[in-house]
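One structure is given below, encoded as C-alpha cells.
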Amino acid sequence: MNRLPGKHIPFFQTRRINPAWALSLCFLLSYLTLSGQNMVIEADQKPLNLVLIQLAKAYEVQLSFDDELLSRYQVTANQSFGSPEEAISYLLKDLPLDYQKSGEVFVIFKKQTLPEVRTYRLFGQLLDAHSGEALPYTHLLIQNKGIVSDFTGKFSYLTHTDTPLEVSASYLGYYILDTILSPGERHILTLKPSIIGLREVVIEGSMIERSGQAGEEAGMIRLNHKVAHRLPGNGDNSVFNFLRLQPGILAAGEQSSEMIIWGSYSGHSQLIFDGITIFGLKNFNDNISFVNPYMAKDIKVMKGGYGAEYGDRVGGIVEISGVSGSTQKPSINLNINNMTVNGMASVPLTRKSSLTFAYRHTYYNFYDAGDFSIIGRGRPTSSQTDISVYPDYLFRDFNLKYGGSTRSGDMYHISIYEGKDNFSYSIDQERNRTQISQDTDENNRQRGAALFFGKSWRGGNISNFSLSYSGLEREQSEALEMIRGISGSIVTNEELFYRNQIQEAAFTNKNHFSLTPSHKLETGWSYIYDKLAMREDSFEVNIRDSRQEAHRLNFYIQDRITPNEVLSVTPGIRIDYPMNLKRVFIQPRIKATLSLGDHIRLNGAWGIYKQFISETSMIDDLGNYRYFWALCDNEEVPVLHAQHLVGGISYRREGFTIGLETFYKTTEGITRYINMWREGFEAVFQGQAKVYGMDLLVKKYFGAHEAWASYSLSKTEEYFPYFPSEAYEEAPQDQRHEIKGALLINLKPFFLSANYVYGSGFPDRPSFFHEETDRYPYSRLDAAFIYRHSVKSYHFEAGISILNILNTENIKQSNLIRIPGTQTGSISIHAEAVPFTPTLYLNISF
C-alpha cells in the first residue's frame, strides 16, 4: 500500500506488513480478551514498532501508528502493567512521541513541536519637529491597535513579527504622521505642529488633530492649548478660558480659583502642573489663568472614572504638562495687555538641554469702584443701597525649568514654580444711619518644585521617577465695626485672622511594561508626606491653633488588555496605607472601550476613590463659607470616599463629532464646621453628597474653521445632620443647566472667534437659618479679532477682545461675603463678574 511517510494509519495498514500476516493478526485479536489480565512486556533494545505489535497480538490492544517512524526507536522493558495506558505511557515516556485514545484505538504520533513564538519590540519617542519638545500622551495606531505614549512621549509595543509595521501617530495641534517602522530598534518620531509660535505652516494633503479629543476614554478630554490663544481674552488667561468651555467644567459664576468638575467640592479636584500640585491661588478675576499659558504644552482633563495611576482625589483631575524649551535656538515670547505683562525666554545650554524662564505681573488694577457693591438682605421691605469699594489686587508668578535628554534618550527636568496674589479693600461709609467700617485682606502664596527622570530600559520598558514638593500658604484678615449713628452704640465689632498652610512632598515611581501585544502592564508606588497648620485669632487672641503631619504609602497596578481591534479593557487596583491610620484602603477600578465599526465608540468606567487630605468648609450663621486644608484622621475629619460610574457613546466622522456622557458620583466624609459664635454654638458635622447628570458635545471642523457646543444637565445634592429637613438638599455648587459654545474662523492672517456661556444659576443660602432663595442665572458672550504678521524671524500677534458684549449683570459667587445688617437681615458684599470689558494684547516672539 502506498502511504506517505509520517501518515498515521492503523497498525494493520502500516507499511512493510504482509497482508496475509495482518489478516491473521486481526483474526487472533478478535478472540482474545484483555479483561482481568496483567500485561507483561519483555524487550531488550527492540524496535518500538515490534514491541507494540507483540503487545497488540497478546492482549487485543487496538493501535494506530506510523511503522517506519516507530522503528527508529529502541526500547527496553521487563515488567508487567495493569492497563494499556500504563504500558504505552511507559514505553513512550522518554521518546518524542505521544498518544491519544480515539474510541478503542490508541493513536500514537510524534509530538507536535510548536514553532518557537518570538516577540519583537517596537519602541521609541515622539518629539516636536522644530523645538525637540517631548510630546506626552501621544496616540499611536500600530497594527490597528491603539496605544498611548507616556509623559515623556515614549512608547513600547510588542509584536510577533519582525516585518515593518504601519504606524500612525497623532497629537493635538500637530499633523498626523503615517510611517512604517521596523521592530528591534529605537525610533525617534517627529511631528510637525500646525502652529509654530505665531507662524503658520501648511502641509498639503496632511490631516491635523484640532482643538481637542473627547470620547476616546470614559470621562477624559484632551485639549490642544495652541487653539486656546484664538479664543476671546487677553492671551494671558487662555488656559482657564479653554477649560471653562469644556462640558462638565463649571464656567458660570467664574470660579477662576477653583476647578468645579462634575459638581465636585472645593479641594476634591486636583490641578497638576509639571508634577506639581497647585493647591489654589485665588485668581479673583478670570483675566488671569492659574498656569502661565506660555508654559503649558499638554492639557489632560479627567472628569471622573480615571484609572488606578491617579490617586488622593475624589473629584476630577486636570494634568498640565509644561514645556521643556527649545534645544535648537534661543527664543523669547512677550505678551502685553491692559492688565498684565508676561514674558518667557528659552535658551539651549547644550545640544540636548535648555533653560526656560517665565514671569507674569499685574501692573494695572483691573477692579473698578463699581465692581464691588453692598446690597442689603432682610425683610422684603428693607431698602437696598449700593456702597462702592476700591479693591487693590496684585498677582505675580514665575516658572524656571531646566530639562533635556541623555545620549541614550532618557529624559529629565527640574521645574520650579511660585505664585502670589493679594486682594484687599476697605469700606468706610454710612448706610441706614449706621456707620460701616470694614477692612478685608487676603494673601495666597503657592510654591512648588519637581525633579523628574524617565528611564528607557533595554527591551523598551519604561520607568519614570519623580520627586516633588508643593505648598500653599493662605492668610485672611477681616476687621468689621458698625456704629449706630444716633446713639453711637456699637452694633458689631469683629476682628478675625486666619492662616492655613499645607505642604506636600512625594517620591513617585511609575513603570510601563509591554508583556504581549495584547497586554500593557503599568505599576507604580509612591511615598507622600503631608504637613498642615491652621491658626485662627480674634482680637490677637488665639482661638485655634493646630498642626498635623502624616506619612502615606501607595501602590497601584493595572493592565491594559486589548484582545482584538474592537475591545480594550483596563482593570486596576490602588492600595493606600496612611501610617497615621494604620489601615489599608483598597480602591478597585476598571474602564473599557468598545469600538463599533470605524466611527462609533462606547466607553465605560467604574471605580472607588479615597482622599486623605480635605479642604473642609467653615460656615457661620450668616452663610459665609471659608475653606481650609485639614488632614483626614477618620475621627473629626474622615477619609473621603467616593464612587464613580461613567458611561458614554461617541460618533466621529469626517470632522464631525457628537458625544454623550453620563455620570453618577457619590461622596462620603465631607466635613463642615458650623461656627455660630453669636449664638454660642460650634460643632463639626460629617455629610455626604451625590451628583448625577450628562454632558452632550457637538463639534464640527469645516475647512480651516471649527465650532463646538455643549450642554450639561446635572444635579448636586448634599446631606448634613444639621439640615432642618433631614433630607438631601441642593449643594452650594449645584447648577442644573449649562450651555456653552465656541466658533473659530481662520481667515489668515485674520482670525475671528466668539464664545458663549449660559448657566441657570446656583442656590442662594443667605443664612444658616433661612431656606434657599431664587437662583441668579449667568450669561456671557465674548468675541475677539486677531491679526498675525511675521517679518523674518520676528512674529507679531495683536488682538482685541470684548468680554461680556451684552453687558449682562452677573454675580461672582466665590467672592460673596455677608456682614450683619439689622436684627432681621444681613448685608451682602459681592464682586460683580466680568462686565462689558474691551481688552487689547500684543504678542511678540523671536
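The values are calculated or read from the model by the stated rules, or taken from the named source; none is laboratory data. These figures come from a predicted structure and were not determined experimentally. When we count neighbours, we look across all protein chains shown, and the Cβ atoms used for this are built from the backbone with ideal geometry, even at glycine. Side chains included, ligands, DNA and RNA excluded: accessible areas come from the protein's heavy atoms. Shrake-Rupley method; radii C 1.70, N 1.55, O 1.52, S 1.80 Å.
Results, tabulated for the structure shown:
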quantity	calculated
Positive-pole candidate from ILE142, LEU91, PHE155, dipole of region 91-166, charges at beta carbon	LEU91
Length gained when the stretch SER779-PHE507 is fully extended (0.36 nm per residue, less Cα-Cα span)	93.5 nm
Contact order relative to length of region 55-181, as percent, for alpha carbon pairs under 8 angstrom and 6 or more apart	17
Ranked order, THR406, THR523 - accessible area, probe 1.4 Å, largest first	THR406, THR523
Extended-chain gain in nm, criterion 0.36 nm per residue less alpha-carbon gap, TYR529 and ARG118	143.5 nm
Sequence of ARG535, ARG626, ARG583 when ordered by accessible area, the most exposed leading, probe 1.4 angstrom	ARG583, ARG535, ARG626
Contour excess over end-to-end distance, with Cα ends at LYS352 and ALA129 and 0.36 nm allotted per residue	78.9 nm
Student exercise, region 422-513 dipole from Lys, Arg, Asp, Glu Cβ charges, in Debye to nearest 20	880
Chymotrypsin sites (Phe, Trp or Tyr not before Pro) restricted to DSSP loop in region 616-677 with at most 13 other C-beta within 10 Å	TRP677
Candidates per GluC sites (Glu not before Pro) in region 479-583, loop by DSSP, up to 15 other Cβ within 10 Å	GLU540, GLU565
Residues SER83 and LEU467, FRET efficiency given R0 of 56 Å [Cβ-Cβ distance, rounded to 0.05]	0.25
Spacing of the two label points (7 Å from each Cα toward its C-beta) at LEU451 and HIS705, in nm	5.3
Spacing of the two label points (7 Å from each Cα toward its C-beta) at GLU668 and TYR722, in nm	2.3
Sequence ranges 148-158, 321-331, 99-109, ranked by mean other-Cβ count within 10 angstrom, highest first	148-158, 321-331, 99-109
About the Cα centre, charge dipole magnitude for region 468-613 (Lys/Arg +1, Asp/Glu -1 at Cβ), debye	880
R0 of 51 Å, Cβ-Cβ distance ILE658-ASN542: FRET efficiency to nearest 0.05	0.30
Segments 588-594, 805-811 sorted - mean Cβ within 10 Å per residue, highest first	588-594, 805-811
Global form of region 559-655, assessed from the alpha-carbon gyration tensor, a/c cut-off 1.5	oblate
Relative contact order of region 579-737, pairs being alpha-carbon contacts under 8 Å that are 6 or more residues apart, as %	16
Spacing of the two label points (7 Å from each Cα toward its C-beta) at PHE796 and LEU50, in nm	10.5
Charge dipole (debye, nearest 20) of region 102-186; +1 at Cβ of Lys and Arg, -1 at Cβ of Asp and Glu	320
Ordering of 413-421, 741-749, 237-245 by burial proxy (mean other Cβ atoms within 10 Å per residue, highest first)	237-245, 413-421, 741-749
Prolate/oblate/rounded label for region 450-586 (Cα gyration tensor, a/c 1.5)	prolate
Charge dipole of region 690-730 about the Cα centre (unit charges at C-beta), most positive-ward option of TRP708, TYR719, MET694	TRP708
Cβ-based net charge around GLN143, under 12 Å, with every Lys or Arg adding one and every Asp or Glu removing one	-1
